[in-house]
Amino acid sequence: MLKKLSLFFLYVHSILCLIKYVTNFELAIILKERRQARGLTQSELAAQSGVSLPLIQIIEAQRGNPTLEVLGKILKALGLTLSIFSPPANWGYLIQFGLPLTNEGAETKKRQRWDVDKFSENFKAAISEAYEDGPGNARKRDALVGMLLAISEYYPKKTEAMGLGPLARKYKSAEGRHIKLKRIALAELQKYL
């Protein structure tokens, strides 16, 4: 099952890089199984990767927490790659709190509670996704700007607390469509904030 895993999904939070989806236990299993599948001993892996034998042993024994540099060296020697990216935005979560988009095809789920960190994380991820080229992204950008305007105008302290202040100041002068979207977002946001 784990032998087929060729990428580690990492989550970057601020400057610190934390392994979120792969625990030390899973990491140890993946590295050991991949090493054995390639017919390498721990000593051979250490020599090929430039990482000390004791560190390889500690990692495989689930006692190590390797740096990204060390992990990159080991992965390269095993023919694996390291990818770092943010998790995708939960658009349904944002829509629940007033993002003026339709959620077609989504199952109706129980309403989630407002969590400033979760909202901020999803909002920032949504901005990153919306500014990529793709169908429907212009609409998403407009919806995000409308919501950002609603939050910043009516809840300025929350805007700063979420780290959205600089972005909100960028969009202070809104176009007509953004004002309409701001009103739609505000109607739903008022239920939670």
Open item on the list: Highest mean first, how do 53-64, 142-153 rank when packing is the count of other Cβ atoms within 10 Å averaged over residues?
Closed with: 142-153, 53-64
- [ ] Give the dimensionless ratio obtained when the Cα radius of gyration of the stretch 121-170 is divided by 2.2 N^0.38 Å.
- [x] 1.13
Task: Rg followed by Dmax, in Å, when the stretch 91-189 is reduced to its Cα trace - done: 12.6, 36
Task: Whole-Hz ³J(HN,Hα) from phi, Karplus 6.51 cos²θ - 1.76 cosθ + 1.60, for the stretch 137-152, glycine and proline x - done: 6, 5, 5, 5, 4, 4, 5, 5, 5, x, 5, 4, 5, 4, 5, 5
- [ ] With θ set to phi - 60°, apply the Karplus curve 6.51 cos²θ - 1.76 cosθ + 1.60 along the stretch 51-63 and write out the HN-Hα couplings as whole Hz, x wherever there is a Gly or Pro.
- [x] 9, 5, 4, x, 5, 4, 5, 5, 5, 5, 8, 6, 10
Task: Anchor Lys73: aspartates and glutamates whose Cα lies under 20 Å away (excluding residues fewer than 8 positions away in-chain) - done: Glu26, Glu33, Glu44, Glu60
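Read the figures in this text as sums done on the coordinates, not as results from a lab. What you are looking at is a predicted structure, and each value in this text was computed from that prediction instead of being measured. Glycine gets a Cβ as well: all are built from the backbone with ideal geometry, and neighbour counts include every protein chain shown.
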